Amino acid sequence: MASTTPTRGYSATKDQLLSRLRRIEGQVRGVQGMVEDERYCIDVLTQISAIQAALDKVALGLLDDHANHCVIGASDETRDEKTAELMSAVGRLMRRG
């Protein structure tokens, strides 16, 4: 029986992506522990910066996967819509902070 689950741009690297997200989750828990232990503010901020950089790397990878799989691979009828969707996501990522 054929699967009805759509293939995503990140499907080929899903395990690697999940591993990276679990690592980030652990970093966030570590920052929570630092706050509970009343660690020095700059040390906490340094860890938050590292988490943001790791999330940015994940986001850029997902954008790349989406561009290559969902936009370039889109049918002529949906390519403009997929491109607009991609650019909207890029805009949201750039406005954070």
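Throughout, read-outs are computed from the coordinates displayed, never taken from laboratory work. For clarity, every value in this text was computed on a predicted model and none was experimentally measured. Virtual Cβ from ideal backbone geometry, glycine too; neighbours counted across all protein chains shown.
A few remarks follow.
- Unique residue being touching a helix residue (DSSP H, G or I) at 6+ places or on another chain (Cβ under 6 Å), of a type in the set (S, T, N, Q) and farther than 19 Å from Tyr10 by Cβ when the list is Gln47, Gln52: Gln47
- Top-ranked residue in the range 28-71 [being in contact with a Lys or Arg (Cβ under 8 Å, 6 or more places away or on another chain) and among the hydrophobic types (A, V, I, L, M, F, W, C); ranked as farthest from Val90 (Cα to Cα)]: Ala54
- If only residues of the range 11-45 that are exposed (fewer than 13 other Cβ atoms within 10 Å of the Cβ) and of a type in the set (Ser, Thr, Tyr) are counted, the one that is nearest to Ala67 (Cα to Cα) is Ser11.
- Output for the range 54-97, where each listed residue is loosely packed, with under 11 Cβ neighbours inside 10 Å and closer than 30 Å to Gly30 by Cβ: Arg92, Met94, Arg95, Arg96, Gly97
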